[in-house]
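The values are calculated or read from the model by the stated rules, or taken from the named source; none is laboratory data. Owing to the predicted nature of the structure, the values given are computational and were not obtained by experimental measurement. No Cβ is skipped: glycine too gets one built from the backbone with ideal geometry, and neighbour counts run over all protein chains shown.
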């Protein structure tokens, strides 16, 4: 087990902490079974509070988004199974965990939309219907937009720290974008021309283009399980 990083600043909240722990840039549960066993899993120093908060966010995000992924694609099949297990009391470690899994499943089902309830707007690019279901039988899982934003910001901060031991702090800021169509194509062209690829295939692929004049202004595209992407910019 890796030794804790000790006192210092948290990559997330930027505060000094007497006690820190290692936080995975991409949670261990997000790596599909098809990922190489010797793949380095990037870690960044986080205060205990932020680490716990992001752990809950990532668990909730995977439970919901995992239900929207392709169960047959090697990049996502085991992730789908992880999401399903997160709602099965039979997979629990103890009675308390069983209740938590049962309640999570009930909550997701209760919040889900079906048929005509599903709006034409608000479906995240790449996570729409891919199986040609009968329109009235389609089911949509609700995932807070804020979750996509916070996950993206965390990965951006993590890449900067892993690559340059650098914190993103004011006046620098991260902006999140959910892009599709022509807007996404423009970012893809810029990143294809100027970007660097940070691959944790077949799970997560990050592309980043950094302005050489200040070393901080940058564009990001993050691909999740070959299914959907989030985009971000860092401005100085």
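Going through 126, 122 one at a time, which residue ends up being buried (at least 17 other Cβ atoms within 10 Å of the Cβ), in the same structural domain as residue 35 (by TED's automatic domain parsing) and within 19 Å of the chain's Cα centre (by Cα)? Don't jump to the end; show me each part of the working.
On the way: 122 fails: buried (at least 17 other Cβ atoms within 10 Å of the Cβ).
Answer to the selection: 126.
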Kindly list, by first and then second residue, each pair from a residue in region 55-78 that is assigned by TED's automatic domain parsing to the domain that holds residue 227 and modelled with pLDDT of 95 or more to a residue that is in a loop (DSSP other than H, G, I, E, B) and buried (at least 17 other Cβ atoms within 10 Å of the Cβ), limited to pairs with Cβ atoms under 8 Å and residues at least 6 apart or on different chains. none
What residue, among those in region 168-177 that are in contact (Cβ under 8 Å) with a residue 24 or more places away in the chain and out of contact with any strand residue (DSSP E or B) (no Cβ under 7 Å at 6 or more places or on another chain), is surrounded by the fewest Cβ atoms within 10 Å (Cβ to Cβ)? 171
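Go through region 189-219 and count every residue that is touching a strand residue (DSSP E or B) at 6+ places or on another chain (Cβ under 7 Å) and surrounded by 15 or more Cβ atoms within 10 Å (Cβ to Cβ). Lay out the reasoning, then the answer.
Let us first name the residues in region 189-219 that are touching a strand residue (DSSP E or B) at 6+ places or on another chain (Cβ under 7 Å), namely 190-191, 194-199, 204-211, 216-219.
Restricting the remaining residues to those that are surrounded by 15 or more Cβ atoms within 10 Å (Cβ to Cβ) gives 191, 194-195, 198, 204-210, 216-219.
Residues flagged as touching a strand residue (DSSP E or B) at 6+ places or on another chain (Cβ under 7 Å) and surrounded by 15 or more Cβ atoms within 10 Å (Cβ to Cβ) within region 189-219 amount to 15.
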Could you check region 43-77 and list, in sequence order, the residues that are surrounded by fewer than 19 Cβ atoms within 10 Å (Cβ to Cβ) and within 17 Å of residue 202 (Cα to Cα)? 70, 71, 72, 73, 74, 77
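For region 93-119, name all the residues that are surrounded by 12 or more Cβ atoms within 10 Å (Cβ to Cβ), modelled with pLDDT of 90 or more and in a loop (DSSP other than H, G, I, E, B).
112
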Tell me yes or no: at least one residue of region 145-167 is loosely packed, with under 11 Cβ neighbours inside 10 Å, free of Cβ contacts under 8 Å to residues at least 60 places away in the same chain and touching a strand residue (DSSP E or B) at 6+ places or on another chain (Cβ under 8 Å). no
